[in-house]
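The values are calculated or read from the model by the stated rules, or taken from the named source; none is laboratory data. Note that the coordinates shown come from a computational prediction; the quantities given were computed from them, not determined experimentally. A quick note on method: Cβ atoms are made from the backbone with ideal geometry, for glycine too, and the neighbour counts reach across all protein chains shown. Just so you know, the surface numbers come from the protein's heavy atoms only, side chains and all, with ligands and any DNA or RNA stripped out. Shrake-Rupley method; radii C 1.70, N 1.55, O 1.52, S 1.80 Å.
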Amino acid sequence: MTDPKPSMGDLAKRLNVSKTTVSFILNGKAKEKRISESLVERVLAEAASLGYRPNQFAQSLRTGRTNIIGLMVEDISNPFFASIAKLIEEKVYQNGYKIVYCSTENDVARGKEFLTMFSTLSVDGCIIAPTQGMEQEIQSMLDSGKNLVLFDRIFGNEGAEAIMVNNQGGMYQAVEHLVARGRKNIGLVALALDDPEKEDRIIGFKQVIADHGLPSYVFPMPFKGGYEFYLQDIRDILEKNPELDAMVFGTNYLGIAGLEVINDMGLKIPDDMAMISFDDHDLFRIHRPGITVIAQPIEAIAQKVIDTLMLKLQSPVGTRPAGEVITLATSLIVRASS
């Protein structure tokens, strides 16, 4: 017969202190309750020696918190979202939280299921790169007082806290760079989850093309998953538009597909075709010639997301910030492809 698991009451008896004091210490409230460091050390040492593990469900009922953050992204295997997720996980852990994350694959039904899962788990806060069609569910969470921060996309939830990058400005700078180097027939392959006219990267591209009086070649793409699903589409574009002398790709996986097609077609970069991709990737850095990219500030995005969420978590209900959109600048990393 195994020994029963020690309880908080067992700890209190062995140390001859109140159960309330032990509870404050184990729940991280020792400093707030002005409990001496020596007593904290004694309680923690005794808890470790007894193998005490708090019942997280019961603990959450007492405190009203689970110390869990939900993170939802498009595709956790995508280097951009993977890097963001890794940094966020490290930062929430430093703040005493654990993270549960999931990928929507831009599937609205799947995204809604994950939002329900977050509610079932009673996560303390959510960090979401939303999929088109989740606006009503996200709004309901906001209206109910859920601590929530969006990033990468907003769609119809303008009242939410959000961390964005200047997509229009980044695209404008990239095309300006190509124009300055004599490119006159520049194409854009970019994701369009809803209306292409509402996509910031497409808007920025069209604006700079119009400002320079150049022909506009815009090829919006639906979300399909991995880069391999776009190979034939990009090949068709290049074969039907042989006048193109430069290509800009709106995401790193579109850029990888474009790079493979350009190489397979025997086109030389940058002599026959200059190339720029939104989002950096190890492949773009090590490929020869190196691929010019519009890089997003991954570290800054992760830090702003966490700072914003922690402020909401630590602010009393009714005083929490709402509706601020923080926009961060991208940077053009020029390599040999352009």
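Within segment 131-164, the set of residues being farther than 22 Å from Thr66 by Cα, open to solvent by less than 50 Å² (accessible area, probe 1.4 Å) and out of contact with any strand residue (DSSP E or B) (no Cβ under 6 Å at 6 or more places or on another chain) comprises Thr131, Gly133, Met134, Glu135, Asp152, Arg153, Gly156, Asn157, Gly159.
Tell me, yes or no, whether segment 80-91 has at least one residue that is assigned to a loop (DSSP other than H, G, I, E, B), modelled with pLDDT of 85 or more and surrounded by 20 or more Cβ atoms within 10 Å (Cβ to Cβ). Looking for residues that are assigned to a loop (DSSP other than H, G, I, E, B), modelled with pLDDT of 85 or more and surrounded by 20 or more Cβ atoms within 10 Å (Cβ to Cβ), one finds none in segment 80-91, hence no.
Residue pairs whose Cβ atoms lie under 8 Å apart, separated by 6 or more positions or on different chains, with the first residue in segment 262-281 and farther than 22 Å from Phe205 by Cα and free of Cβ contacts under 8 Å to residues at least 40 places away in the same chain and the second open to solvent by less than 50 Å² (accessible area, probe 1.4 Å) and outside any loop (DSSP other than H, G, I, E, B), are Met265/Leu238; Leu267/Leu238.
Can you name the residue in segment 277-296 that is among the small types (Gly, Ala, Ser) and under 22 Å from Leu328 (Cα atoms) and, of all such residues, is surrounded by the most Cβ atoms within 10 Å (Cβ to Cβ)?
Initially, segment 277-296 is screened for residues among the small types (Gly, Ala, Ser), giving 277, 290, 295.
After this cut, where a residue has to be under 22 Å from Leu328 (Cα atoms) as well, the list is 277, 295.
Details: Ser277: 28, Ala295: 19.
So, considering only residues that are among the small types (Gly, Ala, Ser) and under 22 Å from Leu328 (Cα atoms), the one surrounded by the most Cβ atoms within 10 Å (Cβ to Cβ) is Ser277.
Test Ile237 against the stated conditions and say whether it is open to solvent by 40 Å² or more (accessible area, probe 1.4 Å) and of a type in the set (A, V, I, L, M).
Numbers: open to solvent by 40 Å² or more (accessible area, probe 1.4 Å): no; of a type in the set (A, V, I, L, M): yes.
Spelling it out, it is not the case that Ile237 is open to solvent by 40 Å² or more (accessible area, probe 1.4 Å) and of a type in the set (A, V, I, L, M).
Going through (1) open to solvent by 50 Å² or more (accessible area, probe 1.4 Å); (2) modelled with pLDDT under 95; (3) more than 23 Å from Ala257 (Cα to Cα) one by one, Gln207 falls short only on (2). Of all residues being closer than 18 Å to Asp75 by Cα and of a type in the set (Gly, Ala, Ser) in segment 245-276, which is surrounded by the fewest Cβ atoms within 10 Å (Cβ to Cβ)? Just the residue, please. It comes out as Ala257.
Close Cβ contacts (under 6 Å, 6 or more residues apart or on different chains) running from residues in segment 175-198 that are open to solvent by 70 Å² or more (accessible area, probe 1.4 Å) to residues that are of a type in the set (S, T, N, Q) comprise Asp194/Gln132.
Can you tell me which residue in segment 10-32 is least open to solvent (accessible area, probe 1.4 Å), limited to those that are in a loop (DSSP other than H, G, I, E, B) and modelled with pLDDT of 80 or more?
That would be Val17.
For every residue, the table says whether it meets (1) among the aliphatic types (A, V, I, L, M); (2) under 14 Å from Val175 (Cα atoms).
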{"residue": "Leu191", "(1), (2)": "yes, no"}
{"residue": "Pro196", "(1), (2)": "no, no"}
{"residue": "Ile202", "(1), (2)": "yes, yes"}
{"residue": "Gln207", "(1), (2)": "no, yes"}
{"residue": "Pro215", "(1), (2)": "no, yes"}
{"residue": "Gln232", "(1), (2)": "no, no"}
{"residue": "Lys240", "(1), (2)": "no, no"}
